[in-house]
Structure formats: structure tokens, C-alpha cells
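As C-alpha cells, the structure follows; a few thoughts come after it.
The values are calculated or read from the model by the stated rules, or taken from the named source; none is laboratory data. Note that the structure is predicted; figures quoted are calculated from it, not measured. Cβ placement follows ideal geometry from the backbone for every residue including glycine, while neighbour counts extend to all protein chains displayed. What goes into the accessible areas is simple: the full protein's heavy atoms, side chains included, and nothing from ligands, DNA or RNA. Shrake-Rupley method; radii C 1.70, N 1.55, O 1.52, S 1.80 Å.
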Amino acid sequence: MMTNSLVFGILAHVDAGKTTLSEAILYKTGAIRSLGRVDHKTAFLDNNSVEKDRGITVFSKEARFNLGTKNVVLLDTPGHSDFSSEAERTLGVLDYAVLVISAADGVQGHTLTLWHLLETYGVPVFIFVNKMDQIGTDREEILSNLMEELGGGVVEFQNGKAVNLEDVAVLDEEMLKMYLEEGTVSDELICNAIEKREVFPVSFGSALKMEGIEEFLNTIDKYSENKSYGQEFGARVYKITRDSKGVRQTHLKVTGGSLKNKMVIKYGDFEEKVEQIRLYSGRSFDAVQEVNGGEVCAVTGLSATYAGQALGAEAEFGESRPLMEPALTYSLVLPDGIDYPSAMRKLKQLEEEDPSLNIVWNETLREIHVKVMGSLELEVLQRIIKERFDLDVSFGEGSVIYKETIESPVIGIGHFEPLRHYAEAHILMEPLPRGSGFEFDTIAAEDKLDKNWQRLIMTHLKEKEHLGVLTGSPVCDIKMTIIAGRAHLKHTEGGDFRQATYRAIRQGLMKAQSILLEPFYKFKAVVPNESVGKVLSDMQRLGACCSSPEMKDMNTSVVEGRGPVCGLQDYQKELVAYTRGKGSFYTFFDGYDRCHNEEEVIARMGYDPEGDIDNPPGSIFCSHGSGEYCPWHQVDESAHVDSGYVLSSDGKLEMKTSLRAARVSAGVSASDKELEEIFLRTYGKSKRDEALRRQKISKRSHGIGKPEESPLPQLIKTGNKMQQEYLIVDGYNVIFAWEELKKLAAVNLDSAREELLEILQNYMSYKNIGMVVVFDGYKVSGNPGTKLKYGDLEVVYTKEAETADRFIEKTAFEMGRKHSIKVITSDRPVQMAAMGDGAMRMSAREFYEEVASSSDEIRQRLVRQKKSPNRPFEDIF
């Protein structure tokens with residue numbers, strides 16, 4: 001399907017005149033009636049109050065114009081390096097890019113960063129050299145600078161034609177052949193060369209004085225090609241925003257088929273309907289019923305999308321992983337009297353819109369931490385928080401963001417076995433090349449560890465930012481592979497494997513040879529010749545490596561190299577000072593590498609991995625009826641599962657040759673008898689277990705009737721006290737997370753509630769636990785709140801102006817003093833609050849798997865009952 005819609009991005013180093021060029025293009029094409037100016041605060045695209053006051057672009061925005069027969073969407077992006085991640089997010093949806101370069105300044109440090117990003121994303125580029133009206137600009141000198149800094153393929157075009165056709169022809173074999181035979185090169189071949197990033201047309205002009213704009217547009221029109229898209233719907237998300245009324249918007253490019261209003265989109269565990277399709281141009285938008293492939297739009301109705309996500313057929317190509325990462329972290333200080341959980345909910349909206357912020361709650365320090373690119377982003381963030389949420393926040397002292405990785409493969413083992421819980425996981429961790437991120441795999445036999453449990457372990461591997469053991473910094477560049485594990489038919493719950501998995505990773509890291517990593521910059525210093533010696537000396541002092549100085553001209557030299565961010569982040573000010581403004585220093589992020597002062601940093605941070613109670617490296621084993629902590633260095637010999645694998649001296653995973661390993665490789669599956677023996681050895685005989693096994697469980701309907709025998713409450717032993725285990729369930733969160741209930745709710749919400757309560761009543765009776773189910777009633781006018789009994793279930797409908805989230809937080813805190821509490825919800829802020837109150841957490845999806853994998857006894861009981869067509873959940877037991 002061919003389309004005449006094209007998406008252009010416009011990028012530049014700050015103050016190159018990018019927004020002024022955008023205004024000129026929109027005015028020349030008739031998209032706006034009058035020219036706006038940045039210095040007059042009237043620019044069409046810089047319409048945010050922060051942007052107007054500072055005179056810079058902070059947020060990427062859309063504008064639309066017609067160019068010949070083409071419908072063009074122009075994405076204006078930030079030029080300041082502190083907002084590089086905002087600019088990068090647009091690159092995945094661009095057909096072409098316009099790179100703006102100031103004639104006065106030439107190629108600058110951030111220009112090279114953008115050029116590298118465009119190369120990585122494979123975006124064809126048209127170059128516009130702006131501010132040619134300034135005195136002293138020399139076209140030939142600028143072209144020479146572009147070719148030197150950006151490489152081959154940079155060719156001047158005027159009014160749609162190459163100034164020197166031979167310069168174009170020599171860049172491609174097919175073009176050269178045509179040029180030698182016919183003395184010309186076809187427009188089609190030039191278009192192909194631009195598309196393949198072999199040719200980069202350069203135009204000159206002045207956006208402020210409207211010089212060269214029409215000629216530049218002619219070049220773009222002539223050498224940009226319409227794109228073809230498939231028939232199946234696909235889209236790529238590049239941005240999340242909220243409109244003036246707080247409505248969540250997903251900005252995306254349709255990469256196949258069409259997107260229609262009210263269309264249902266499936267992604268991850270979600271299936272949601274598009275409520276509205278919006279075509280933005282500046283601040284305003286037009287609502288449309290349908291958009292086709294190649295078009296950029298914003299849609300409402302999608303609640304869990306994120307930047308870089310691939311939807312529909314686009315998922316085949318995977319998600320885009322950003323190259324730019326913040327190198328600095330700061331603590332965010334809230335005003336006195338502000339509730340941290342409620343503040344985090346608001347701040348998480350900002351993280352949705354800018355994922356690089358990575359706003360997290362540090363439980364150990366009891367602080368909110370945020371990641372930024374630089375000090376300007378921090379100032380802008382402070383103002384946005386004030387304007388959006390009316391919070392006067394401040395920031396603590398910043399530091400660079402360290403990471404950790406491992407030097408060689410290691411196997412980590414985690415075991416979680418307090419009374420009536422059981423899970424064991426064996427995870428192989430292998431180092432990956434720098435900047436690789438994470439990879440995940442499994443080689444565990446399904447007859448030994450069921451596929452459902454393996455999927456659950458995989459979820460826990462991916463869901464958390466795992467911390468290292470040197471400084472407590474996040475780990476990276478590791479491949480994690482599930483090699484073995486074990487579950488128990490009756491005692492294993494979903495949350496048990498979360499604990500086992502986390503502990504396996506920590507135990508492996510304790511055994512491994514860990515490495516501390518720090519962020520690095522590439523740099524370029526342009527200084528007077530007399531300052532070269534000081535630059536070289538300073539770079540050595542700061543732990544940076546330099547190339548030999550090169551003469552740029554008779555008076556100036558260039559020094560290039562790479563060094564740690566911690567030393568280079570403020571060096572520009574120092575260099576400008578001692579060169580009296582004659583020198584310049586450019587940096588751009590270049591990933592992570594080994595910390596140059598590792599021992600000093602580790603000592604300064606003073607992290608105790610065994611004292612981190614939120615990330616314990618040891619495991620829990622059951623002995624004589626109660627759970628006991630096993631230190632990490634004793635876990636290997638205490639583990640119940642022999643994975644059958646061992647690491648060789650060169651770090652390769654090999655099968656053991658022992659009799660036990662032979663039995664495993666032949667297909668060991670822990671039999672009921674074998675597991676029973678393990679539990680007898682650890683628990684001892686339990687009369688109470690026998691009583692529970694013999695107990696008859698009665699199903700209740702609509703809260704009427706009594707069980708044949710009252711279920712015994714499950715008690716958790718803590719010291720000399722006995723605590724009843726309670727589950728607090730976020731009712732509507734569970735309904736809309738469970739596929740069957742979600743479908744039923746779409747027909748009749750009351751039926752879905754009734755079905756959930758029926759399921760939970762059976763589950764509660766079987767597990768012999770207490771349970772409170774909370775439903776949100778805060779929007780019901782005049783609702784006083786209701787508490788009722790459904791069998792043994794306690795059911796709560798919250799009162800007007802009280803959300804279920806708030807009630808759950810309060811109840812978990814109050815009940816946690818006397819009971820063992822587990823909160824069932826997929827709402828992350830509620831999970832965080834529950835964790836702060838000492839409660840365990842389980843997502844709605846994990847709870848589904850726990851209920852679905854409940855005992856054979858209840859499964860057989862429900863199968864015997866007469867099935868009803870209105871009870872779609874009967875078959876999960």
C-alpha cells in the first residue's frame with residue numbers, strides 16, 4: 001500500500017536556528033499565516049510556557065504541511081543535549097531528517113551526537129546550513145568542515161540540483177556508470193542514494209530572513225520518496241503525553257494497514273479500545289475516524305502503552321532500545337507533609353512521558369531518586385512538577401549513575417520455603433559485551449519444571465531492576481538463563497518464585513567476580529596551541545585517554561579522547577576560563593565502562609550486600625516446621641534440586657557425569673513421594689495437616705448456607721505469636737486483569753463481581769486464610785461505603801471520595817500489626833505502599849496463575865458440579 005504521507009524530523013545543536021527554520025517552512029508552505037519568533041515568544045511549535053521563557057525546545061511536537069503532492073508531518077525536537085532522549089524517541093518513526101547546522105559555529109559536539117544517532121537508526125538526512133546572512137560565513141569553508149566532521153556523501157544542492165554532479169556520481173557505482181555513459185545521473189538514482197544514506201544533500205540559507213527556504217523545499221520535494229506499507233495493522237509508539245484535561249495520549253506512527261476509531265488493540269496483557277484519533281499540528285488537533293500507514297497521530301484510550309513499544313504487526317521487529325542514557329542521579333525532596341505514595345503516583349506520570357527519568361523509591365535511603373542528563377533538565381523538571389502538580393520540590397546533591405556487571409559466568413540458586421510456601425530456582429548468569437543490556441533464556445526441562453512456572457520465573461527476571469553487590473547499583477549486560485527449579489503441587493504460590501528468583505540472582509552475584517562500571521563521554525577539545533599541554537595534563541588527571549593532538553590551523557589544535565563522566569562533566573567551564581573564551585569542549589555520551597577508581601568508589605559508598613534487607617542474598621529453608629535463613633555461601637549445598645549442570649574452568653556450562661545428573665538428564669521429575677519425603681524431613685509430621693486434608697470444604701453461593709465444617713484459619717508462626725494470613729484483594733483491578741472476568745464485565749459488571757467473589761470464596765476455603773475484597777466506590781455520589789459478608793469473605797465498597805487504593809493502603813497498615821498481609825493488585829503505587837507497610841505483594845496476573853494451579857481436590861469438586869454457561873471461570877480450577 002503506497003502512501004503520500006511522510007514524516008520528517010528536524011534536529012540541531014541548540015541555537016542553530018532549528019525552530020526558526022520550522023517557522024519558515026510552515027509559513028512558506030501555507031501551514032501558518034504569520035511568522036513566529038523564538039525571541040518574541042510567538043513560535044508556533046514552542047508553545048509550552050517553559051519553552052517560551054527559556055527560548056529553547058523542550059518537548060517534541062508535530063506540525064503538518066503539504067509539499068507538492070506529499071502530506072508531511074514535521075516533528076520538531078529539542079536541541080539542547082540535556083533533552084537528547086526526547087529527540088531520540090522520535091527517530092524510530094522518521095522517514096527523513098533535516099539536520100540544521102549554524103554557519104557561524106559549524107559542526108558542534110551535540111551535532112555529532114545527533115549524526116551518530118541518525119546513522120544508528122538509519123534515517124536519511126537533508127542538511128540545512130542556517131545563518132548564512134551573518135558576516136564572515138564562507139560556503140566553501142563550511143562544506144569542507146562538514147565533509148571533515150561528518151564524512152563522505154555531503155554534497156551541495158541548489159534549487160533541486162547538485163551543484164557538482166560528479167561529486168554525487170562518485171558515491172555510488174550505478175550512478176557513476178550512468179554518469180560516465182550519459183553525462184548525467186537520474187533523479188531516481190539520487191533518491192535511492194539518499195535513501196541508502198550514501199548522499200546527504202546540503203542547502204544554504206537564512207531561516208530568519210527567509211533566504212534559501214523555497215530552494216531547500218524544492219530539494220526535499222524532488223528527492224524524497226513515498227513509502228509503501230503492508231495491509232496488516234502495525235504501529236510504533238514514540239511518545240506519551242497528557243492533554244490539558246489530563247487525558248492520556250499515545251503518540252504513534254501507523255506502520256501498516258489502518259487505525260480506526262473504536263478499534264480494539266491487543267498488546268501485552270491488555271486489550272483496549274481506541275477512543276479518539278487526533279492529528280496534532282502545534283497545540284491544536286483534528287479528530288478523525290481513520291488513519292492509514294505512514295501517518296502520525298495521537299490516540300486516547302490506551303492505558304499502558306510506552307515509548308518504543310511495537311503494536312500489531314510491528315511487534316515482529318521488536319521494541320526500540322534507546323542509546324542515550326542519563327548519567328546523573330539526584331534525590332528528589334518533597335515539601336513537608338506530602339504523602340510519598342500519592343506523590344509517587346503523580347511523578348510516575350512524568351516517567352511515562354519521559355522514561356529516562358526512571359523515578360524510583362529507594363527503600364534503604366527512604367528517598368525518591370530521579371535520573372537526568374544535566375542541570376538544565378533538572379531545572380525544567382522542577383518547574384514542570386510545580387505547574388502540573390503544585391509541588392515545590394527540591395533536589396539533593398547529584399552523583400553519576402554507576403552500574404555493575406560480572407566478569408565470568410556463574411550459577412545462582414534461590415530457595416524460598418517458609419511454612420506452607422515452596423519454590424527453588426537455578427539461574428545461569430553470563431556476561432555480555434558492554435551496552436548489550438539483558439538477554440533471557442531457559443533450558444530447564446518442562447517435565448521437571450512446568451512451563452507455567454518457567455514463564456513466571458522469566459517474568460520475575462525481567463520485571464525488576466536487579467542490584468549489584470559492590471555498591472548496590474543496577475546490574476547490566478548479563479544473559480540470564482533458567483536451568484532448573486522446583487515447585488510443590490500444593491504449597492507453591494506465585495509470589496514464592498519471585499522470592500526464589502530474586503534470591504538466586506543475588507546469590508549468584510555474591511559468588512561472581514563483579515565489576516563496577518561508570519558512564520563515559522567521548523570528548524573533543526579545540527584549543528589554542530599554547531593550551532594543548534594543559535589539556536593533555538588535565539585529561540590524564542581526570543582518568544581520560546587522549547589521541548595525539550592534531551593541528552586544525554596555524555593557531556588551533558584539536559584533542560579527542562574518552563573519559564569518565566564524573567571528571568569531564570564540568571570541564572567545559574574550566575577550559576573556557578583558562579583559554580579566555582578561545583577554546584571549546586564538546587562531549588557526548590559513550591556508554592559504560594570499567595570504573596577508573598573502583599576501590600575508592602566502593603569504599604565511599606559503603607554498601608553492605610548482606611545487610612540489604614530488601615535484596616537478601618541468602619535463602620529460606622524450612623526446618624522443623626519453621627523457616628530458617630540460610631546464608632548465601634551455604635545455599636549450594638542445601639539446595640533441593642540438582643540441576644545436572646556445572647561450570648567448567650573456562651566458564652562453559654556442562655552436564656555433570658554423576659549418577660544424579662544421569663537421572664536428571666534422563667528426565668527427572670520430582671515425584672509426589674519424593675517431595676513428600678522432603679517436606680517430612682523439614683516440617684515433621686503435622687496433625688493439623690492431616691486434619692486439613694480430611695476436612696470437607698463446602699462451596700457457598702451468594703453468602704447463604706454454612707460449610708460442612710468450619711475451615712481452620714491458617715496461622716503463621718512469628719516468634720511466640722501466631723498470626724492469621726490475610727489477602728487484601730483489589731477487586732476491580734483483578735476483574736480487568738483476568739481475561740474471562742474482563743469479558744464478562746463488558747456484558748454485566750455485577751455478574752463479573754459475583755463470579756470473582758464465588759471464585760475467591762472457594763479459594764479462601766481451600767487455603768484456610770482470611771480475605772478482604774475491596775471495590776472502588778469513590779465516584780458514586782452520596783455513597784457512604786458498605787461492608788458485608790459473602791460467606792467468610794469480607795467485602796468492602798469504599799465510600800464516596802475514598803479510592804480502593806487508599807483503603808487498601810490504610811487496611812494493610814492497620815492489619816499488618818496483627819496479621820501476615822498479602823496485597824493482590826497490579827497497581828504499582830499500591831504495591832509500593834504495601835511494601836512500605838511490610839505487606840507481601842502479588843500481581844493480579846500472578847494471582848490468576850496461583851488460583852488456576854490450585855489443588856486437585858477443589859478442581860475435582862467443581863468439575864462434579866453442574867456447569868453453567870454463565871460461569872466461564874469454572875474450568876480454571
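Considering the range 823-845, the residues that are more than 23 Å from Arg366 (Cβ to Cβ) and open to solvent by less than 10 Å² (accessible area, probe 1.4 Å) include one that is modelled with the highest pLDDT, namely Ile824.
The set of residues in the range 584-620 that are among the charged types (D, E, K, R) and in contact with a helix residue (DSSP H, G or I) (Cβ under 8 Å, 6 or more places away or on another chain) contains only Glu610.
Filter the range 426-457 down to residues that are of a type in the set (Gly, Ala, Ser) and over 21 Å from Asp477 (Cα atoms) and give me whichever is surrounded by the most Cβ atoms within 10 Å (Cβ to Cβ). Residue satisfying both the conditions and the ranking: Ala444.
Among Leu350, Leu365, which is the only one that is closer than 22 Å to Ala833 by Cα and in a loop (DSSP other than H, G, I, E, B)? One residue alone meets the criteria, Leu365. When the residues of the range 258-281 are narrowed to those that are surrounded by fewer than 19 Cβ atoms within 10 Å (Cβ to Cβ) and of a type in the set (Val, Ile, Thr), which ends up nearest to Glu62 (Cα to Cα)? Among residues in the range 258-281 that are surrounded by fewer than 19 Cβ atoms within 10 Å (Cβ to Cβ) and of a type in the set (Val, Ile, Thr), the one nearest to Glu62 (Cα to Cα) is Val274. Can you tell me which residue within the range 63-86, out of those that are open to solvent by less than 10 Å² (accessible area, probe 1.4 Å) and out of contact with any helix residue (DSSP H, G or I) (no Cβ under 7 Å at 6 or more places or on another chain), is nearest to Tyr238 (Cα to Cα)? In this case the residue turns out to be Val73.
Report yes if Val202 is over 19 Å from Thr90 (Cβ atoms), among the aliphatic types (A, V, I, L, M) and either modelled with pLDDT under 95 or in a strand (DSSP E or B) (or both), otherwise no. It would help to see each step written out before you state the result.
Details: over 19 Å from Thr90 (Cβ atoms): yes; among the aliphatic types (A, V, I, L, M): yes; either modelled with pLDDT under 95 or in a strand (DSSP E or B) (or both): yes.
In short, yes.
Total residues in the range 287-302 satisfying the condition of being assigned to a strand (DSSP E or B) and either in contact (Cβ under 8 Å) with a residue 40 or more places away in the chain or charged (D, E, K, R) (or both): the figure is 7.
Phe270 fulfils the conditions (1) more than 26 Å from Leu741 (Cα to Cα); (2) at pLDDT below 95 except for a single criterion, (1).
Among the candidates Asp538, Asp593, the residue that is within 30 Å of Ile478 (Cα to Cα) and charged (D, E, K, R) is uniquely Asp593.
Pairing residues of the range 52-69 that are without any contact (Cβ under 8 Å) to a residue 40 or more places away in the chain and more than 20 Å from Glu225 (Cα to Cα) with residues that are open to solvent by 20 Å² or more (accessible area, probe 1.4 Å) and in a helix (DSSP H, G or I), at Cβ distances under 8 Å and at least 6 apart in sequence or on separate chains, gives no pairs at all.
Restricting attention to the range 214-257 and to residues that are open to solvent by less than 60 Å² (accessible area, probe 1.4 Å) and in a helix (DSSP H, G or I), the residue that is farthest from Asn48 (Cα to Cα) turns out to be Tyr223.
Looking at Arg434, Arg498, Arg503, Arg455, which is the one that is of a type in the set (Lys, Arg), part of a helix (DSSP H, G or I) and touching a Phe, Trp or Tyr at 6+ places or on another chain (Cβ under 8 Å)?
On the way: Arg434 fails: part of a helix (DSSP H, G or I); Arg498 fails: touching a Phe, Trp or Tyr at 6+ places or on another chain (Cβ under 8 Å); Arg455 fails: touching a Phe, Trp or Tyr at 6+ places or on another chain (Cβ under 8 Å).
Of Arg434, Arg498, Arg503, Arg455, the one residue that is of a type in the set (Lys, Arg), part of a helix (DSSP H, G or I) and touching a Phe, Trp or Tyr at 6+ places or on another chain (Cβ under 8 Å) is Arg503.
Of all the residues in the range 536-573, those that are hydrophobic (A, V, I, L, M, F, W, C) and under 14 Å from Thr587 (Cα atoms) number 9. Within the range 541-591, the set of residues being of a type in the set (D, E, K, R) and open to solvent by less than 20 Å² (accessible area, probe 1.4 Å) is empty.
Leu180 passes every criterion in (1) more than 42 Å from the chain's Cα centre (by Cα); (2) open to solvent by less than 70 Å² (accessible area, probe 1.4 Å) apart from (2).
Quickly run through the range 315-329 and pick out the residues that are part of a loop (DSSP other than H, G, I, E, B) and free of Cβ contacts under 8 Å to residues at least 24 places away in the same chain.
The first filter runs over the range 315-329 and keeps only residues part of a loop (DSSP other than H, G, I, E, B), leaving 318-327.
Within the range 315-329, Gly318, Glu319 meet the criteria.
Counting just the residues of the range 632-653 that are surrounded by 12 or more Cβ atoms within 10 Å (Cβ to Cβ) and among the charged types (D, E, K, R), which one comes out nearest to Arg486 (Cα to Cα)? In this case the residue turns out to be Asp642.
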